[in-house]
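Only one structure is covered here, and it is reproduced in the block below.
The values are calculated or read from the model by the stated rules, or taken from the named source; none is laboratory data. Just so it is clear, the structure is predicted and the values come from calculations on it, not from any experiment. Cβ coordinates were reconstructed from backbone atoms using ideal geometry, including for glycine residues, and neighbour counts include every protein chain displayed. Each accessible area value is taken on the protein alone, full model and side chains, heavy atoms only, with ligands, DNA and RNA left out. Shrake-Rupley method; radii C 1.70, N 1.55, O 1.52, S 1.80 Å.
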Amino acid sequence: METMNASAPEARRVLLAAPRGYCAGVDRAVVTVEKALELYGAPVYVRKEIVHNKHVVQTLQNRGAVFVEETDEVPEGATVVFSAHGVAPIVHEEASARRLKTIDATCPLVTKVHKEAVRFAEQDYDILLIGHEGHEEVVGTTGEAPEHIILVDGPDAVAGVEVRDPAKVAWLSQTTLSVDETTETVDRLRTRFPLLLDPPSDDICYATQNRQTAVKRIAGESDLVIVVGSKNSSNSVRLVEVALESGAGAAHLVDYASEISEDWLDGVTTVGLTSGASVPEDLVDGVLAWLAERGYGTVEVVRSAEEKLLFALPPELRKDMRDAGEVVHNAG
């Protein structure tokens, strides 16, 4: 990339957050649909958006994936992939009743939360699930123990929480929340319920935490932070909020470089740039090219963590790949 002329009064630059973009769970889910299309041919049905990214969904649609809202939209006997956000047990039952071949691309970190919900419910705890009402991950987790789960949508919802027995209360969380806001919510819950039981390990996923830490590192030095991601992506929306809370002059969410407004650059010397966990890197490259054309050619990578985690593809898919003579690797 070109560097601004040194004679400029103040060199324009981009602070590029790292890590950013695809997490292991998203990569696994996208590769699952790609491999299913290669193996079985189009169409392959996908319940809900495989990940919350407009570009990824459109790209897979162009290759023959058919996205549906519910399993009853899938022809009997067809192949359906469940999205990375997870599904309730009843969805598996509905798929079985329609004789669907199911491939479960639920992120293993979401599956962990599902198992924690089942375990706490078996012990007859009331489970305070911190998350956003209507989000697919919350719907799936709630379906594991609907009689035991009470949704807590942020710190302000804590005052209205009612439980059967204050001595038998546990909390879980959606994996893509703001770390700071979730901590505040838990602190308020613990004030009300001192015997509140923690999950065995942190529910907010490593990638969500790493991306929030990374954006905090660049926000204070950035006149403007651009987050590449879709509006229905919880973790991408959180990155905008974290950037603003951490000192960015302004912060905006865009799917593509073409959505950036020239007006945002008025008086801006330093642009921070990051992307949500379901965003392919070529969309970030598009924003970098757009910025370079406008004089922001100096790019400094600000790295706050290394990520090497890979997840195995769903076992149903691995078996069929082996049967077809393919060498099976982890996603990534």
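In region 205-212 there is at least one residue matching the filter, namely being over 30 Å from L291 (Cα atoms) and either over 25 Å from the mean Cα position of the chain (by Cα) or of a type outside the set (G, A, S) (or both).
If you check V138, V118, which single one turns out to be in contact with a strand residue (DSSP E or B) (Cβ under 8 Å, 6 or more places away or on another chain) and either open to solvent by 50 Å² or more (accessible area, probe 1.4 Å) or assigned to a helix (DSSP H, G or I) (or both)? Don't jump to the end; show me each part of the working.
On the way: V118 fails: in contact with a strand residue (DSSP E or B) (Cβ under 8 Å, 6 or more places away or on another chain).
Selected residue: V138, the only one of V138, V118 that is in contact with a strand residue (DSSP E or B) (Cβ under 8 Å, 6 or more places away or on another chain) and either open to solvent by 50 Å² or more (accessible area, probe 1.4 Å) or assigned to a helix (DSSP H, G or I) (or both).
Only one entry in L172, L196, L224, L189 is aliphatic (A, V, I, L, M), farther than 21 Å from S278 by Cβ, in contact with a Pro (Cβ under 8 Å, 6 or more places away or on another chain) and touching a residue at least 40 places away in the same chain (Cβ under 8 Å), namely L172.
Quick one: which of D153, D126 is modelled with pLDDT of 95 or more and surrounded by 21 or more Cβ atoms within 10 Å (Cβ to Cβ)?
Numbers: D153 fails: surrounded by 21 or more Cβ atoms within 10 Å (Cβ to Cβ).
Among D153, D126, only D126 is modelled with pLDDT of 95 or more and surrounded by 21 or more Cβ atoms within 10 Å (Cβ to Cβ).
I'd like to verify a number: residues in region 199-208 that are open to solvent by less than 50 Å² (accessible area, probe 1.4 Å) and without any contact (Cβ under 8 Å) to a residue 60 or more places away in the chain, how many? Count: 1.
Residues V44, V51: which one is within 22 Å of the chain's Cα centre (by Cα), within 26 Å of N330 (Cβ to Cβ) and not polar (S, T, N, Q)?
V51
The combined condition, being open to solvent by less than 10 Å² (accessible area, probe 1.4 Å), within 27 Å of the chain's Cα centre (by Cα) and not charged (D, E, K, R), is not fulfilled by V301.
Pick out, from region 1-111, the strands (runs of 3 or more DSSP E) lying fully within it that include 1 or more residues that are surrounded by 17 or more Cβ atoms within 10 Å (Cβ to Cβ) and among the polar types (S, T, N, Q). Don't jump to the end; show me each part of the working.
Working: elements: 13-18, 44-47, 65-68, 79-82, 101-104.
Ranges flagged: 79-82, 101-104.
For region 216-245, the candidate set comprises residues that are buried (at least 20 other Cβ atoms within 10 Å of the Cβ) and among the small types (G, A, S); within that set, the residue that is farthest from the chain's Cα centre (by Cα) is S222. When region 181-203 is limited to residues that are touching a Leu at 6+ places or on another chain (Cβ under 6 Å) and modelled with pLDDT of 95 or more, the one that is nearest to D126 (Cα to Cα) turns out to be L196.
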